[in-house]
1. Compute the projected area of the convex hull of the Cα atoms of the stretch 277-335, averaged over all viewing directions, and report it in nm² to one decimal place.
2. Calculated FRET efficiency, residue 49 and residue 29, Cβ-Cβ r, R0 25 Å, to nearest 0.05?
3. Take the alpha-carbon centre of the stretch 271-350, take the same for the stretch 34-112, and report the distance between them in whole Å.
4. Take the alpha-carbon positions of the stretch 99-192, form their convex hull, and give its projected area averaged over all directions (one quarter of the hull surface) in nm².
5. Would you mind getting the Kirkwood hydrodynamic radius of the stretch 174-239 from its Cα pairs, rounded to one decimal in Å?
6. Kindly provide the Kirkwood hydrodynamic radius of the stretch 1-160 in Å, to one decimal, from all pairs of distinct alpha carbon atoms.
7. Note the full-extension length gain between residue 159 and residue 125 as 0.36 nm times their separation in residues minus their Cα-Cα distance, in nm to one decimal.
8. Treat the count of other C-beta atoms within 10 Å as a stand-in for reagent exposure and order 295, 225 from fewest to most.
Ligand SMILES: Cc1ncc(COP(=O)(O)O)c(C=O)c1O
């Protein structure tokens, strides 16, 4: 078994790259556990109660992944053949293996909106399309994402989120929030999680992103919804046994890794500023709102694949958003001293080797 503190490259591809800290691992080791599938794991129950409390919902269920949170929500809110309104670039639309079609047997009605954020008019346009649609399909759910991942970690303005949800509710739709990075939004905007969740029938937070846990997400909603979600969890093979080992990481992270998300945001902002000063680099979505920095390298003439190979060879890993847009995400395993290393790697990555 290799050491926990072994040397790693500066990995800015995603906040999913975090490894549990030594303290988190120690906390996990001593967690009381039981048979989670039977509702007997005390640590899982503590985590669920805590997340239900912080989101202001009746109940919560610990799930293996955020993807399963989305799938179970769609499965429960919709009937086969229904339509789900969501932003064109939402994770559920582009990155979940067509799970909505496969598991919930719904279609997605893709909406437009700047930086992953919808206006009431965007939702109304979608509703109008379903009403006029020759398919006659029923629109049953609006699914939003806060922060918005592929828009560079954009935060939903609270008032707008409430207005958009009100439009959906008035039309008889349920509302669901993909909160993979909701805690980033909450910390950055200084708005309590509970306020972001009020307009939604269901919501979830991810433990394995900025919070630094190895596994897990927590879905919340009414008691009846979560009761059904527990059945769906088992149906989809997500029920576990001594899962308290994993839930303990979540409890530890909620106590120790939430306020520090502000450090990730600060580093992302500083990284964005430093990259913006480089020739041939255009930083998108400034000022950086949370922990995700997108920058375009097309002016350099360097192919994105070549850029990624060059920077990786220098010990810094970036992600590719698409086209010539590169992604850098700050997280628990990125320190202040990694920032100059990352900036130097970008400078070298975009320079003409000749
Ligand atoms: C916005 C968003 N939703 C859902 C997911 C899926 O979460 P998980 O990786 O826990 O399945 C991700 C993962 O990157 C995400 O960024």
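Since every read-out is calculated from the coordinates, none of them should be taken as a lab result. All of these numbers come straight from a predicted model, not from anything done at the bench. Reconstructed Cβ throughout: ideal geometry from the backbone, glycine too, with neighbour counts over all protein chains shown.
1. Average of the hull's projected areas for the stretch 277-335 equals 4.4 nm².
2. So the FRET efficiency works out to roughly 0.70.
3. 32
4. The orientation-averaged projected area of the Cα hull of the stretch 99-192 comes to 6.4 nm².
5. Here the Kirkwood hydrodynamic radius works out to 12.8 Å.
6. Kirkwood hydrodynamic radius for the stretch 1-160: 18.7 Å.
7. Length difference between fully extended and current span is 10.3 nm.
8. 225, 295
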